[in-house]
Amino acid sequence: MTPDLSDRTVLVVGGAGYVGSVLSARLLDAGARVRVLDQLIYDNGFALHHLLDHPRFGFSRGDLRNRASVTAAATGTTDVVLLAALVGDPVCRRYPELAEQVNHEAAVQLHDMLAGLGVRRFVFTSTCSNYGIHDPSSFADETSELNPQSLYAETKIAVEEHVLAGASRTTTVGTVLRVATAYGLSPRARFDLTVSQFTRDLAAGEELVVYDADTWRPYCHVQDLSSAVLTVLDAPPELVRGEVFNVGDADQQFTKRMLVDEALKHVDGARVVYREGDTDPRNYRVAFDKIATVLGYRSRHCVQDYVGDLVSAVRAGIFTDVRPGDPRYGNHVVAHLC
Ligand SMILES: NC(=O)c1ccc[n+]([C@@H]2O[C@H](COP(=O)([O-])OP(=O)(O)OC[C@H]3O[C@@H](n4cnc5c(N)ncnc54)[C@H](O)[C@@H]3O)[C@@H](O)[C@H]2O)c1
């Protein structure tokens, strides 16, 4: 059920991205006034075309690192959701200084400004990647030791720690969401994420090289991720202040080989090459009981349905313009941030 957020004005920082362009629409559906602050670092303004004429939607282009831009965007809002970051290990490795500035320093600066601006709620989107390598015969929960395997995860953990350490001192109710790897359609499709990449490559008849095929990862549909944010914004503050919630579904955890096998149910004659020894050693399964028990949240989508839908879409000629390294469809090359 969609909560009623008609008394809220929500700033989505990074709202033109893969998650943000879906979340912003869902917040409008919930009755909120929505502002997006985004620097459009991948020339991704097209992801907001469908929202620009909505009477409760506003957009400003600006850098999270810039205090004046953030102050202007956040003033008068009730809630701030932080999505903006260099998202994923490859892009953080490519731009390590930027990753530290944006993902860590600017996120901390934003957090520390919010109480002074009268913002009541802050949702920080972190990642299950923070669990890194965790014996996949057991499930990592919110109290499990974090084991980051990348600069991306290190920057996310640094902000988590800051938000949690400040939780009892600030009037803004801060919550950390550790989200599983996302899949699903969005105005800014990302074909650098495992489920979508594997499925699109196979449906397009391209050879797929899969590293470390038997490593596990949890997955979360971008609509379910958005529902989790809405659930947190709607929850009584005492249930979410200074809390961490894993976001995903216990039944939606797969090895890469399982994802390939799912796509192969819909694609004949595919060429798949399995190799060992990638630079990404992550291997973990996650428990999602806390968000279900405390907030009553449940995922509604499944990878199996999405894979079939994406194969049909690719075969129907949607996404014919996807090229390797295209910044519109993945976090490869930053066009606007220095
Ligand atoms: N996509 C996933 O699988 C996934 C999984 C777990 C967590 N998350 C988290 O969700 C959030 C959103 O991820 P996404 O997949 O939508 O990423 P994305 O790269 O598609 O979107 C990020 C957005 O932030 C903007 N941005 C980047 N740096 C900025 C800056 N300095 N100032 C202003 N705007 C800036 C970009 O232009 C882009 O629109 C991230 O914080 C990510 O860590 C994503």
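The values are calculated or read from the model by the stated rules, or taken from the named source; none is laboratory data. Here the structure is a predicted model, which means the values were calculated and not measured. All Cβ positions, even for glycine, are placed from backbone atoms using ideal geometry, and neighbour counts span all protein chains on display. Areas reflect the complete protein model, heavy atoms only, side chains present, ligands, DNA and RNA absent. Shrake-Rupley method; radii C 1.70, N 1.55, O 1.52, S 1.80 Å.
So here's what we get for this one:
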| item | result |
| --- | --- |
| Proximal lysines relative to K256, as straight alpha-carbon distance under 18 Å, when same-chain residues fewer than 8 apart are discounted | K265 |
| Percent accessible area from carbon and sulfur atoms, the stretch 186-314, protein chains only, probe 1.4 Å | 44 percent |
| Antiparallel %, DSSP beta bridges [both residues in the stretch 76-197], to 5 | 0 percent |
| Reach of K156 by Cα under 22 Å, taken over lysines that are not fewer than 8 positions away in the same chain | K290 |
| Residue-averaged 222 nm ellipticity for the chain, from DSSP H runs of 4+ at -39500 (n - 2.57), nearest 500 | -9000 deg cm²/dmol |
| Stretch in the chain that is longest and holds no GluC sites (Glu not before Pro) that DSSP places in a loop and that have at most 13 other beta carbons within 10 Å | 1-144 |
| Most fluctuating residue given options R169, R26, R257, as computed from a GNM of the chain linking Cα atoms under 10 Å | R169 |
| The stretch 34-175 - percent of accessible surface contributed by carbon and sulfur, probe 1.4 Å | 51 percent |
| Of the DSSP H helices in the chain, those whose Cα atoms cover at least 15 Å axially and whose Kyte score averages -1.0 or more | 151-165, 222-234, 303-315 |
| Convex hull volume per residue in cubic angstrom - Cα atoms of the chain | 123 Å³ |
| Of D79, D268, D43, the one that fluctuates the most in a GNM where the chain has Cα springs shorter than 10 Å | D268 |
| Loop trypsin sites (Lys or Arg not before Pro), the stretch 286-332 (other Cβ atoms within 10 Å of the site Cβ: 10 or fewer; DSSP) | R300 |
| The chain - accessible surface per residue (Å², probe 1.4 Å) | 41 Å² |
| DSSP bridge orientation in the chain - percent antiparallel, rounded to nearest 5 | 5 percent |
